[in-house]
Amino acid sequence: MKRIAVLIAAALLSACGGGGGDGGGGTAAAPPSPPQSTTAVQVNLGDDPADRLVAVGVTINSLSLIHSSGGSVSVMSTPRPMEMMRLMGTVAPLAMAGVPRGTYTGATMTFGASTVTHVDPATGLPVQRTVPGPMTTTVMFSSPLVVGTTPMVVNLDMNMAASVAIDPMGNVSMTPTLSAHHNPHVTGSPHPEDGGMHGLNGSVGSVGGNTFTLTMMQGMPDIPLTTHAGTHYEGISGMHMASHSHLLSIDATMQPDGSWMATRVHSRVGAGGAMAAGVVTSLSGTPPTQLVMVTHDGAGNGMMATNLAGTTTVNISDTTVFSLDARDVDLTNLPFAPRFDRTSLSRGQRIETFSTSQMMQGGGMHGMTGGGTLTATSIYLGQQGLRGTVSGYTQTCSQGSFALALTADSAFAKLTGATTVTVYQQGSTQLRGVSNITNGSIVQVRGLLFLDGGIFRLVAGGIRGA
């Protein structure tokens, strides 16, 4: 389940106004208002899934918090794009603003035009529709949010199944539907719902000493980060090796003062390159020489926000490197050998593709807008989410497994022909919203998906009650 998380970190701001008379013996000027203490508010966006949807690119025009007195405080007023379906089981940063301390009872969001990509049940091909804006929705908190000196996190779920409707003629409408809860932030936690950041892709905006900014195509455009002696680097030995536009993937934790500390910096591609991520919808050649995916994320040279929920054509060669990132997914002691390479690549998998050259715009597949072409230097298997009903659950010590039955009209089932995925629960698998797994329950799983001997197997990094 995904959420908009509003993270509150203590960042005391003081303002002093001038006062005194007018110097000419006239009426004295009114005394200045007392300084008002504020807190930095981080806003993250996430969603609840809808099985038929492959991608939903939304534009958030504004976000405000509703004060208990009846007024409102703006958190964000500059439109920012976000793709929702990549966020199943996680959240991503949208904005940060100084908010006066006090009590807040809800939030209001205004959306601009949105792009919805779903799978046509008759053809099995992705179809794209545009929903005009503006659309405004308000969600009330189940308990008041008290903004004080202690960092807090507020999570808002956008229920995509309730928000997006597709009629029998294929017409799409949208009524954004949100739910909310809030909790204190967890110092040092990398989990996004605790205020951390995990696996964010972007390019270096500026770098100096032990600080740098990560520029992203969607959500919060520029994220300030600090490194320290414990920051783990991959591909580079330090930020002195990263220049403007260098593509990175970062993990970070929120500090008590509201700043972000980078715990991991992974160099992906040098300046001038590009990245596109999404769900594979078609493959050409044996082994594949080209694939098409519906785009969930992007960064770097030539990438544009209009690519979100469009298609990216990826050229594959004998030199393309295939890898997977198993930092948060335990791939040990499994009854199969996890493998991701050119021959095991499959429709329905979520991947991240990197190129040393730029994204070439144009050529959207199936008549869709937001198309482009990328020549892959490397392809990573990314974590993805699926939702379904549990059956055949078995557990041995800290490990468990079960069959996840998907709805027959789900996008994954239409793309792959599979209505069941075997899920593996490891000792490190995080459970949220559920204390144990039971047959007949509906859950959301997030992890790495493999095609093994014609069977889809997902090793879960997290399982959440639906």
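If you sort TYR424, TYR393 by accessible surface, 1.4 Å probe, largest first, the order is TYR393, TYR424. Sorted from greatest to least, the principal axis extents spanned by the alpha carbons of the range 237-320 come out as 51, 27, 21 Å. Once you sort the root eigenvalues of the Cα gyration tensor of the range 200-359 as a ≥ b ≥ c, which label holds: rounded (a/c under 1.5), prolate (a/b larger than b/c) or oblate (the other case)? It is prolate, given that a/c is not under 1.5 and a/b is the larger ratio. Shape verdict for the range 85-153, please, from the Cα gyration tensor: rounded (a/c under 1.5), prolate (a/b greater than b/c) or oblate. Verdict is prolate for the range 85-153. Of the solvent-accessible surface of the chain, computed with a 1.4 Å probe and all protein chains present, 54% belongs to carbon and sulfur. The stretch between VAL186 and SER357, if pulled fully straight at 0.36 nm per residue, gains 57.6 nm over its current Cα-Cα span.
Working note: 222 nm ellipticity from helices only, DSSP H runs with n ≥ 4, each -39,500 (n - 2.57), summed and divided by the residues of the chain, gives -500 deg cm²/dmol to the nearest 500. Per-residue extension of 0.36 nm, minus the Cα-Cα distance of MET140 and ASP257, leaves a gain of 39.4 nm for this segment.
For GLU352, the accessible area of its heavy atoms, probed at 1.4 Å with every protein chain present, is near 30 square angstrom. Binning the C-alpha pair distances of the chain at 20 Å intervals from 0 yields a P(r) profile of 24, 57, 16, 3, 0 %, listed from the shortest bin outward.
Placing a label point 7 Å from the Cα of CYS397 along the Cα-to-Cβ line, the residues of the range 413-431 whose backbone N sits under 15 Å from it are 425-429. Classify the range 207-266 as rounded, prolate or oblate, taking a ≥ b ≥ c as the square roots of the eigenvalues of its Cα gyration tensor: rounded when a/c is under 1.5, otherwise prolate if a/b is larger than b/c and oblate if not. Judged from the Cα gyration tensor, the range 207-266 comes out oblate (a/c at least 1.5, b/c at or above a/b).
As an exercise, find the ratio Rg/Rh for the range 329-466 from alpha-carbon atoms, using the Kirkwood inverse-distance average for Rh. Here Rg/Rh amounts to 1.02.
Stretching SER428 away from ASP167 to a fully extended chain increases their span by 89.8 nm, per 0.36 nm per residue minus the current alpha-carbon distance. Just the number: Rg to Rh for the range 262-310, Cα atoms, Kirkwood Rh, two decimals. In the range 262-310, Rg relative to Rh is 1.06. A simple rule links phi to the HN-Hα coupling: the Karplus curve 6.51 cos²θ - 1.76 cosθ + 1.60 with θ = phi - 60°, which for the range 216-223 gives 10, 6, 9, x, 4, x, 9, 10 Hz, with x for Gly and Pro.
Accessible area per residue for the range 75-130 is 29 Å², calculated with a 1.4 Å probe on protein heavy atoms, without ligands, DNA or RNA.
The values are calculated or read from the model by the stated rules, or taken from the named source; none is laboratory data. Owing to the predicted nature of the structure, the values given are computational and were not obtained by experimental measurement. A quick note on method: Cβ atoms are made from the backbone with ideal geometry, for glycine too, and the neighbour counts reach across all protein chains shown. When the accessible area is computed, the model is the full protein with side chains, heavy atoms only, and any ligands, DNA or RNA have been set aside. Shrake-Rupley method; radii C 1.70, N 1.55, O 1.52, S 1.80 Å.
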